[in-house]
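Participant: If you scroll down you'll find the structure; I have some questions about it.
The values are calculated or read from the model by the stated rules, or taken from the named source; none is laboratory data. Keep in mind that what you see is a predicted model, and the values were worked out from it rather than measured. Counting neighbours? That spans all protein chains shown, and the Cβs are built from the backbone with ideal geometry, glycine included. Areas reflect the complete protein model, heavy atoms only, side chains present, ligands, DNA and RNA absent. Shrake-Rupley method; radii C 1.70, N 1.55, O 1.52, S 1.80 Å.
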Amino acid sequence: MSQAVDEIKIGGIGASRKRVEDNRFIRGKGNYTDDIVLPGMLHMEILRSPLAHARIKSIDASKAWDIPGVHLVLTGEMMATRNLAWMPTLSYDTQAVLATDKVRFQGQEVACVIADDPYIAKDACEAIVVDYEPLPVIVNPVQAVAEGAPVIRDDKENQPDNVIYDWEVGDRDGAERAFAAADVVSKLELHYPRSHPSPIECCGSIADFNRATSKLTVYMTTQAPHIIRAAVAMVAELPEHMIRIISPDIGGGFGNKVPVYPGYVCSILASILLERPVKWIEDKSGNLISTGFARDVYLKGEMALRRDGKILAVRMHTDADHGAFFSDAQPSKFKIGLMHSAFAAYDIPVAHLTARGTYSNKAPGGVAYRCSFRVTEAMFFQERMMQAAADDLGMDQAAFRRMNFVPDEAFPHRTPFGFLTDSGQYAKCLDVGLTAIDYDNFRDQQAQARSRGRLLGLGISTMTEPLGAGNSREYDILGIKMFDSAELKVHMTGKAIVRTGARTQGQGHETTWAQIVAHELGIPAEDVVVEEGDTDTAPFGMGTYASRSTPVAGAAVAMVSRKIRAKARKLAAHLLEVSEEDIEWELGRFYVRSAPDRGVTIQECAVAAYANMPDGMEPGLDATAYYDPPNLTWPFAVYIVTVEVDPQTGVWDVLNMVAVDDCGVRINPMIVEGQIMGGLTEAYAMSNMQFITFDADGNCVGANYMDYLLPTAWETPGFELHSEVVTPCPHHPIGAKGIGECAAVGGPAAFVNAVLDAIKDTGVRNIDMPLLPDRVWEAVTYHRDVSGAPPVRSDD
Ligand code: MCN
Ligand code: CUM
């Protein structure tokens, strides 16, 4: 009889184990960057530009220097003398650290004050006099390429205009031929507005340079400590071993904490100059106005269709507004991220995508917000296009999708843009969703309601998305290959510590990585501590974003556990006095094949690694694994929403929302559900209420939480989650696929599709997000599409 330990009881894979990190979080005992106080620490504040585009004629900081308690005032001019006025971005562009020649967006960093406390520093910022000469402003790609447009990046050689790149992928001629042969061509054009991650904790850093040891320690809010270490080594020209980046607890990242921000660089320089620790903590309006926006893309495209509903080809064009600096964190070789993952769920023979990126007088944007490098925009366009095409054909939404899905038996499947999808049961997921929402019945209700003047709508979004940024063949950032790592040390008592190159920001890695160790070794999850975020102790990794932690670092945890198991097997053979070939493994225990009662536990092997190893064996039980995934992971999701629209006010309410997610094997089902609910909440917020844009003068409109609304439990609709479809990832060691971003990526289209379905009789093809009541009302009342593209009137 098996004596294996019970996997669920020890908190292995499949256990909805409570999150261990919550023990400190719900007690208020988390340790965030702003909680850290170092002896002699000073405080830094940033002076930001009130104008979106202006030449700097002069900066007079003399009054600021005179304020008691001020230790240092940094300006662009001073940075320039140290070659630090500009820094490289993660997309091979440059970004101003502190402005020298011009300011290029409202909120841009102009000067920094370092003082005894943050209040003195803030007052001193206000005492700095900057003489600006206003310049014409650009807030969208049309203005950017217009005849006579001012050149925003006149600091750059070989930059005669505002175009950053023109890029294309796919088969132009093939698409041409397919469109010529189509029965029906369906078209759609839309704008995916800027959106903002708005984590509870803003960005910040504490730089601590020690002259005696020459070591620079930076506590900061980064999602990718090792990338930051590489960037600091480059910018500050310090050797890597003298730089230690520590990411303590992070109060939400959502992509906001991937880029390198000027505040980090300034606090580091200030600490080097003053030889004291310098803390910079961004405030909420600074966060909303100047850091890590996402999206802001104009998408248009068309679909070539056969009359029976078969998709023959897709063509897409993207205009991306990157703001004043191209600072996206994304794989180096793709200019518009993974936009070309669009339509991966569908069996489409040919596709072509063109993309153009332009500068504007807006904060650098386009970095992700819960999105694997533009996948959110790709899937939004895809699912909006699918609905428009089905409507143009007069076909049922669900039937149209089902007929075009990549069928289960077609994997591995090469998408027309060249990705390899490897697994899924798309039709089955759709069926689960349709049953849950009671599809046929709802369509009847909808027709009846319409005859009484009530507007009900149903929106579907189905998608597979590439999660897990890696393999190193195709993906790198700044030339650094995208793999990840895990180190596992098993102590003498069989307790263990695991470290990875990822960095949890709320996703629960401290809980789930221990579950993977439990699954592989039978060591109870509670006996395994997880540590991430310190470059002096963690093995090299590329950090957490693109839902890559489970696909890459999580895989490394499984692989390092297997290395440990291989060594433990040798120890077991020694202890049981048989040869290794005669040893069998069951969870938590090795035994002799011919005598299953004779066995040793993994804990007994751990003791032996320190106290009773065979002659010639290296003592200890620890290992490191670097994992380079062969492919991305491709989870699949079906989101279906029903709504009622009030034609009098344009207000819409969610009646039901069903989510069917197949992310392969779920390590911790409860955490996965939390991730999905969080993502759906953000999807709802983006589609319904989150409004941040720009007026014609480049003023950021909505950079406060009165306008940019965060839904609370009160506004958020209920979600019904389904987990019955599990298609293990064929190349992941435990069959898991990423999940962190799915719902935020696929969710928005379901909400928007539902509202447009409700008002289908008006002939309106598009309302841009957010679907604010006035926009919906305008569409219903005047039967016209409503664009949300900037500029807006300042009083909107
Ligand atoms: N998980 C699981 N089984 C799976 C897949 C994942 O149990 N098959 C678990 C993982 O072990 C992990 C969590 O779910 O605890 C998310 O895993 P994964 O999909 O690998 O995503 P990451 O850990 O890489 O998280 C990144 C992703 C991104 S890119 C953004 S943005 C985002 C998101 O996660 N930011 C978040 N979710 C967030 N959730 C919180 N609370 N805070 C953020 O800042
Ligand atoms: Cu892309 S937002 Mo997340 O990938 O950190």
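Participant: Test of understanding: what is the full-extension gain from VAL726 to LYS63, defined as 0.36 nm times their sequence separation minus their Cα-Cα distance? Walk me through the numbers before you get to the answer.
Facilitator: Values: separation 663, 0.36 × 663 = 238.68 nm, distance 6.47 nm.
So the chain would gain 232.2 nm between VAL726 and LYS63.
Participant: For the chain, what does the relative contact order come out to in percent, with C-alpha contacts under 8 Å and a separation of six or more? Kindly include the intermediate steps, with their values, before the conclusion.
Facilitator: On the way: 2048 pairs, mean separation 125.9, N = 796.
16 percent.
Participant: While we're here: Starting from 0.36 nm per residue, how many nanometres of slack lie between ARG473 and PHE25 once their C-alpha separation is accounted for? Walk me through the intermediate numbers first.
Facilitator: Working: separation 448, 0.36 × 448 = 161.28 nm, distance 3.88 nm.
Extra length from ARG473 to PHE25 when fully extended: 157.4 nm.
Participant: Over the stretch 681-796, one equal point on each Cα, no solvent: what is log10 I(q)/I(0) by the Debye formula at q = 0.15, 0.16 Å⁻¹?
Facilitator: Debye output, listed in q order: -0.81, -0.88.
Participant: Can you give the accessible area of PHE179, probe radius 1.4 Å, in Å² rounded to 10?
Facilitator: 20 Å²
Participant: Okay, next question. Work through the residues other than PHE751 whose Cβ is under 12 Å from its Cβ and net out their charges, Lys, Arg +1 and Asp, Glu -1.
Facilitator: Values: positive: ARG384; negative: GLU383, ASP653, GLU682, ASP757.
Its environment carries a net charge of -3.
Participant: Also, quick follow-up: Nearest 5 is fine: what % of DSSP beta bridges in the chain come out antiparallel, could you say?
Facilitator: Numbers: 109 of 136 bridges.
Of those bridges, close to 80 percent are antiparallel.
Participant: With every protein chain kept in the model, how would you rank LEU467, LEU478 by accessible area, 1.4 Å probe, largest at the top? Mind dumping the intermediate values first?
Facilitator: Values: LEU467 0, LEU478 50 Å².
If we order LEU467, LEU478 from most to least accessible, we get LEU478, LEU467.
Participant: Say the cut-off is 29 Å between C-alpha atoms; which of LYS63/LYS284; LYS215/LYS495; LYS333/LYS760; LYS9/LYS737; LYS333/LYS737; LYS257/LYS428 go over it?
Facilitator: Details: LYS63/LYS284 26 Å; LYS215/LYS495 32 Å; LYS333/LYS760 41 Å; LYS9/LYS737 24 Å; LYS333/LYS737 24 Å; LYS257/LYS428 37 Å.
Over 29 Å Cα-Cα: LYS215/LYS495; LYS333/LYS760; LYS257/LYS428.
Participant: Kindly report, to the nearest 10 Å², the accessible surface of GLU584 as traced by a 1.4 Å probe over protein heavy atoms only.
Facilitator: 60 Å²
Participant: If packing is taken as the average number of other Cβ atoms within 10 Å across a peptide's residues, how do 192-203, 441-452 rank, most packed first?
Facilitator: Working: 192-203: 22.5, 441-452: 12.8.
Result, highest mean first: 192-203, 441-452.
Participant: Sticking with this one: Over the chain, what percent of the accessible surface lies on carbon and sulfur atoms, probe 1.4 Å? Let's see the in-between values first.
Facilitator: Numbers: 14700 of 28390 Å².
On the chain, the fraction of accessible area on carbon and sulfur atoms equals 52 percent.
Participant: Using the Karplus equation 6.51 cos²θ - 1.76 cosθ + 1.60 (θ = phi - 60°), what ³J(HN,Hα) coupling, rounded to whole Hz, does each residue of the stretch 57-68 give in order, writing x for Gly and Pro?
Facilitator: Going residue by residue, I get 7, 7, 10, 10, 9, 4, 5, 5, 4, 6, 6, x Hz, with x marking Gly and Pro.
Participant: Summing +1 for each Lys or Arg and -1 for each Asp or Glu, what net charge is found among the other residues whose Cβ lies under 12 Å from the Cβ of PRO466?
Facilitator: -1
Participant: Next question, about the same structure. Pull up the DSSP beta bridges for the stretch 454-563 and report the antiparallel fraction as a percent, rounded to 5.
Facilitator: Values: 7 of 12 bridges.
Around 60 percent of the beta bridges assigned by DSSP in the stretch 454-563 are antiparallel ones.
Participant: Which shape class applies to the stretch 136-182: rounded if a/c is under 1.5, otherwise prolate when a/b exceeds b/c and oblate if not, where a ≥ b ≥ c are the square roots of the Cα gyration tensor eigenvalues? Display every interim value, and only then the final one.
Facilitator: Working: a/c = 4.60, a/b = 2.45, b/c = 1.87.
Cα axes put the stretch 136-182 in the prolate bin.
Participant: Let me ask something additional. Could you grab the relative contact order for the stretch 35-187? Cα pairs under 8 Å, six or more apart, rounded to a whole percent.
Facilitator: Result for the stretch 35-187 is 29 percent.
Participant: Accessible surface of ILE8 in the full protein assembly, 1.4 angstrom probe, to the nearest 10 Å²?
Facilitator: 100 Å²
Participant: If you roll a 1.4 Å probe over the heavy atoms of the protein chains, what accessible area per residue do you get for the chain, in Å²? Let's see the in-between values first.
Facilitator: Working: 28390 Å² over 796 residues.
I get 36 Å² per residue for this part.
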